[in-house]
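Working notes, structure below.
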Amino acid sequence: SKHEPECVDELRGHRGGVTSLAVGRQKLVTGSADQTLKVWDLVVLKEEAALVGHTGLVHGILLLNNLCVSVSQDKSIRFWDLRSGECVTMFETKSRGQYGLAVHELKLISAPCRDHM
């Protein structure tokens, strides 16, 4: 038998379009053009928390256990404790904005936006 994808629900909560997401440990974290991140419980499909602090569109999200790392158009990389919902560390970068994240051997790698001339 064929297994067809099925939409079972829609998660609504952002005021802007969703621009990034990451899944881990029965949680979904979404980033948005509204400059926030939302933490969703995938078991009950409800919003658990809003992570507020970026001042630009959220481009990338990475989940590492109870830590969420986000990058934004505001030139910052923020580290969030998912248990408290608080931003625990922030780095300002010199590039025009950050667009992607990866981890390799416990090193955080970010992808900056380049100015095109």
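Normalised per residue, the accessible area of segment 10-68 is 53 Å², obtained with a 1.4 Å probe and no contribution from ligands, DNA or RNA.
Over segment 1-92, what percent of the accessible surface lies on carbon and sulfur atoms, probe 1.4 Å? Carbon with sulfur: 49 percent of the solvent-accessible area.
Packing, as the average of other Cβ atoms within 10 Å across residues, places the peptides 67-74, 18-25 in the order 67-74, 18-25, highest first. Residues whose amide H lies under 5 Å from that of residue 21, counting only those 5 or more places away or on a different chain, are 31, 61; hydrogens are built 1.01 Å from N in the peptide plane.
Judged by the mean number of other Cβ atoms found within 10 Å, the most tightly packed of the peptides 35-48, 4-17 leads the ranking 35-48, 4-17. Counting charges near residue 14 (Lys, Arg +1; Asp, Glu -1) among other residues having Cβ under 12 Å from its Cβ returns a value of 0. Take 78-89, 55-66 and order them by the average number of nearby Cβ atoms within 10 Å per residue, most first; the result is 55-66, 78-89. 3J(HN,Hα) along segment 39-50, derived from phi through the Karplus expression 6.51 cos²θ - 1.76 cosθ + 1.60 where θ = phi - 60°, amounts to 9, 10, 7, 7, 6, 9, 6, 10, 5, 9, 7, 10 Hz, with x in place of Gly and Pro.
The values are calculated or read from the model by the stated rules, or taken from the named source; none is laboratory data. Everything numeric in this text was worked out from a predicted model, so none of it was measured. Counting neighbours? That spans all protein chains shown, and the Cβs are built from the backbone with ideal geometry, glycine included. Note: accessible area is taken over every heavy atom of the protein model, side chains too, but ligands, DNA and RNA are not part of it. Shrake-Rupley method; radii C 1.70, N 1.55, O 1.52, S 1.80 Å.
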